[in-house]
1. Would you be able to tell me the number of residues in region 22-31 that are more than 11 Å from the chain's Cα centre (by Cα) and assigned to a helix (DSSP H, G or I)?
2. Would a scan of region 142-160 turn up a residue that is part of a loop (DSSP other than H, G, I, E, B), modelled with pLDDT of 80 or more and more than 22 Å from residue 12 (Cβ to Cβ)?
3. Would you confirm whether any residue within region 81-92 is more than 21 Å from residue 166 (Cα to Cα) and either of a type in the set (A, V, I, L, M) or modelled with pLDDT under 90 (or both)?
4. Which of the residues that make up region 32-54 are part of a loop (DSSP other than H, G, I, E, B), modelled with pLDDT under 90 and buried (at least 16 other Cβ atoms within 10 Å of the Cβ)?
Amino acid sequence: MNFRIIIPLIIAIYATCVIASAFFIEYVLGYKPCELCIIQRYPYFIIILSSITLFALKSKTIPISLSHFLFKRTHTGAYVAIILASIAGFSLATYHFGIENNYWQNFSGCSDRLSGIELDATNLLEDINKIEPNCSDPLKFFGLSLSGYNIISNTLIAGLAIFYLINNKKNYI
């Protein structure tokens with residue numbers, strides 16, 4: 001398979017695995033994500049759609065006849081969308097990581113929300129479901145929180161897209 005076709009496919013599969021693992025942790029393992037955890041998923045959807053578009057264009061899966069000029073612009077635009085979405089995801093993950101490690105205070109919904117909830121012994125299970133997760137005690141794997149892994153993932157995706165664009169700049173920019 002051609003190198004130009006494989007890169008978007010790798011990015012799409014990788015981003016899909018990241019989203020699938022987030023849903024697995026949430027729905028199968030039962031960990032409730034905070035608001036920032038959910039927001040960090042949005043850039044991956046843009047990355048997946050852009051990667052699938054690139055793959056379809058390069059593999060000629062979509063029988064579309066674009067002029068060479070329009071094809072170059074669509075191709076470059078899709079890679080720029082991947083890079084910008086990765087930068088946005090990186091920024092959100094870095095912000096979340098800083099909150100988790102008390103580098104700065106939060107300005108969003110990721111906080112300790114136990115202060116306004118009164119637990120009643122008779123309806124304890126219902127009251128426990130009202131408790132929203134906070135960022136002071138994140139889920140960690142091998143000593144790194146999921147936002148830390150998200151920083152790494154977005155860096156890898158952006159790096160791969162930038163690497164491809166730099167190596168093929170004479171053809172597409």
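The values are calculated or read from the model by the stated rules, or taken from the named source; none is laboratory data. Being a predicted model, the structure only gives us computed values, none of them experimental. For neighbour counting, all protein chains shown are included, and Cβ atoms are generated from backbone atoms with ideal geometry for every residue, glycine included.
1. 6
2. So far as region 142-160 goes, yes, one or more of its residues are part of a loop (DSSP other than H, G, I, E, B), modelled with pLDDT of 80 or more and more than 22 Å from residue 12 (Cβ to Cβ).
3. yes
4. Within region 32-54, 33, 34 meet the criteria.
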